[in-house]
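Structure record follows, encoded as structure tokens.
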Amino acid sequence: MSDNFNPQFSKIGEILIHLGKVNESQINQALAEQKNSRGKIGETLIDLDLIKEEDFVEAFALQLGMKKADNFLLLEADSEVAAMIPEDFARSNRVLAVKKNESMLIIAMEDPEDLVTIDSIKRLTNLNPEPMVAGTVLLEKALDKVYGEIQKTAEVSETIDSITVVSGDEGSQEEVNLSPDQASEEDAPIVKLVNLILQEAIKERATDIHVEPQEKKVIVRIRIDGVLQTIMTPPSTSLSGLVTRIKILSKLNIAEKRLPQDGRFSIKLTNKDIDVRVSILPTIYGEKIVMRLLDKTGFDINLTSLGFPSANLKVFKKVISQPYGMVVVSGPTGSGKSTSLYAALKEIKNDTTNITTVEDPVEYQLEGINQVQVFDDIGLTFGSILRSILRQDPDVLLIGEIRDGETADIAVKFSLTGHLVFSTVHANDAPSTITRLLDIGIQPFLVGSCLNMVMAQRLVRRICKNCKEEYTPTAEELALIDLDPSKVKGVFYRGKGCADCRNTGYHGRIAIFEMIPMGRDLRKLVFENANEDDIRQAALANGMVTLRESGISRVLDGTTSVEEILRSTVEEL
């Protein structure tokens, strides 16, 4: 900013032009529109998509000679400080208290020239308010987040009034009341804490909850979009009560603290059922709890929304429409394998086809499909179920996972006798999926004969649409993914962090794929028991797009970031 330009004696439009955010013709366009809308010039410029809200806030702060309240300051505001201003007052006057010292209260305001509000805050808090400029949208989200946390803390005893828990063994219908009113005075705080953890996890779309004992505290983390985030750190004295409460819900042995235990319970909400799988593991500081949350009624995904590129989608639809053979999807736990196969079943489901699944656990309930749950404790194993299913006249079969020779042998026989079989295995990529099937014990000639396709996949986080911003990648960043700068057209994107994404910059996930349709040359290699590298080279020659390449294409189209691709895939050496 030049020395002879004084923003405090300039109009907003002049400041925005000086900052290079707009030009004079755009200001004239906004002024013409303003005559019709009768709104403020800043609002008009934003509505016309000529500037972003943060551009207006920057200019307004310069005009007033005040500081600008950024994302981090607002979204990480101290809830105890914010609580000094009643929520109704804060929302009606568009103000949020963010920090304080002995004599001063820093407040973020949409209109820092509102002297009446500032004077009221001074009388409310007995502190001297120091205003900062905040944008309308960001301030609204910060108010929702901060006062939501305040309300959650203040009303913890009412956290999950609508929840009913079905406890214990598979098929049990015994309901456990989670209300603190039903607990003894001594146990009530622990009941509240467990309720709060469950509520927070469900609200944030978490797939897992980790309760991890440390020497001086307990760390509670939830996995959102594949990444763990800490939500609270209760004192270590709370661990025993937490473990006992969750063991009671899961019908586990509360006296046994030396051995691992596995259990389950279900959470019934008004619009969904959530199955909670509980694993307890003894560690040096106490028992660690991991709870996996499965929303059994929440499947609304199809092949298009999974993220298949158009060419891959066409191939995949063709393969899953075959009358017989095997389609195998591989990847680590939590990579979306089952979701992809569910979407495939949803695609091919019709009134003329009998589709049956064998799963452990049944992750989603699909209408019109026969789903069978494995119960190892009573001898209802993958093998025993599959032997019975053959007499159920299936056309299509989904086997949750091929984990041993017996399951693999039955799956192959199904596919060779006129059935279409879908399944998953744990493998690093598509070529190693084929060798994994051979390692399990299937003969090469059977693998080559029955396989229609192998596909590896990963889930990468989507850049948050609400805080998505453009940036120019550095040469070093491009080198990390081995991308030639001359091939980069346009800009890259990243998320700044906002209330919608818990300040991570990501919200939701999308799959990336590595796909090998089995052609004659690949079948021949499998028949000859070729090694993994030979299979990989043949697949690449046939046009296979690797996981890394698939991820890079998602970076180039602005869906995800370089950081996510480096986290989720490995470079081909």
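Rounded to the nearest 20, the Cβ-based charge dipole of the range 392-473 about its Cα centre (Lys and Arg +1, Asp and Glu -1) stands at 440 debye.
Residues whose amide H comes within less than 5 Å of that of K99, counting only those at least five positions distant or on another chain, are I106 (H built at 1.01 Å from N in the peptide plane). Please report the spacing between the Cα centers of the range 505-573 and the range 193-227 in Å, no decimals. Answer, in whole Å: 33. Carbon and sulfur together cover what percent of the accessible area of the range 200-242 at a 1.4 Å probe radius? In the range 200-242, the share of accessible area belonging to carbon and sulfur is 48 percent. Taking 0.36 nm per residue of separation and subtracting the current Cα-Cα distance, fully stretching the chain between I301 and L556 would add 89.4 nm. In deg cm²/dmol and to the nearest 500, what is the mean residue ellipticity at 222 nm of the chain if only DSSP H runs of at least 4 residues count, each as -39500 (n - 2.57), divided by the residue total? My calculation for the chain gives -11000 deg cm²/dmol from helical runs alone. Solvent-accessible area of the range 28-82 (1.4 angstrom probe, protein heavy atoms only): carbon and sulfur portion equals 46 percent. Element breakdown for the range 390-431 at a 1.4 angstrom probe: carbon and sulfur atoms account for 44% of the accessible area. A simple rule links phi to the HN-Hα coupling: the Karplus curve 6.51 cos²θ - 1.76 cosθ + 1.60 with θ = phi - 60°, which for the range 285-291 gives 9, x, 8, 8, 10, 10, 10 Hz, with x for Gly and Pro.
Annotation for the range 419-459 versus the range 7-63: alpha-carbon center distance of 59 Å.
So which lysines pass the test for K40, namely a Cα distance under 25 Å, with those fewer than 8 places away in the same chain ruled out? Cross-link targets: K11, K21, K52, K67, K68, K141. Positive end of the dipole of the chain (Cβ unit charges, origin at the Cα centre): among L75, S250, L483, the Cα lying farthest that way belongs to L483.
Ordering 137-145, 274-282, 248-256, 484-492 by mean Cβ neighbour count within 10 Å, with the highest value first, yields 137-145, 274-282, 248-256, 484-492. Report which label in (1) 20, 49, 27, 4, 0; (2) 23, 61, 16, 0; (3) 17, 41, 32, 10, 0 holds the value of P(r) over Cα pairs in 20 Å bins from 0, in percent derived from the coordinates of this structure. Computed from these coordinates, P(r) over Cα pairs in 20 Å bins from 0, in percent corresponds to label (3).
Beta-bridge orientation, the chain: approximately 65 percent antiparallel, per DSSP, counting only bridges with both partners inside.
Annotation for the range 357-460: GluC sites (Glu not before Pro) lying in DSSP loop with at most 12 further Cβ atoms inside 10 Å of their Cβ are E367.
Averaged per residue, the range 277-383 has 47 square angstrom of accessible surface, using a 1.4 angstrom probe with ligands and nucleic acids left out. Shown for the chain are no DSSP H helices, since none reaches 18 Å along its axis, judged by Cα atoms, with a mean Kyte-Doolittle hydropathy of at least 1.6. For the chain, a crude dipole built from +1 on the beta carbon of Lys and Arg and -1 on the beta carbon of Asp and Glu, taken about the Cα centre, is about 760 debye to the nearest 20. Rounded to the nearest Hz, the phi-derived 3J(HN,Hα) couplings of the range 559-565 under the Karplus curve 6.51 cos²θ - 1.76 cosθ + 1.60 (θ = phi - 60°) are 7, 9, 10, 4, 4, 5, 5, where x marks glycine and proline.
Shape analysis of the range 1-83 based on the Cα gyration tensor places the equivalent ellipsoid semi-axes at 26, 18, 11 Å, largest first. Computed packing ranks the peptides 559-567, 40-48 as 559-567, 40-48, most packed first, by mean other Cβ atoms within 10 Å. For the modelled label position 7 Å from the Cα of E76 along Cα-to-Cβ, which residues of the range 491-515 have backbone nitrogen atoms closer than 18 Å? Correct set: 495-506. Peptide packing: for 218-225, 368-375, the average count of neighbouring Cβ atoms within 10 Å per residue gives the ranking 218-225, 368-375, highest mean first.
Taking a Cβ-Cβ separation under 4.7 Å as the criterion for a possible partner, which cysteines of the chain have none? Cysteines lacking a close Cβ partner in the chain: C450.
The values are calculated or read from the model by the stated rules, or taken from the named source; none is laboratory data. Since the model is a prediction, treat every value here as computed from it, not as a measurement. Glycine gets a Cβ as well: all are built from the backbone with ideal geometry, and neighbour counts include every protein chain shown. Ligands, DNA and RNA are stripped out before the accessible areas are found, and what is left, the full protein with its side chains, is counted by its heavy atoms. Shrake-Rupley method; radii C 1.70, N 1.55, O 1.52, S 1.80 Å.
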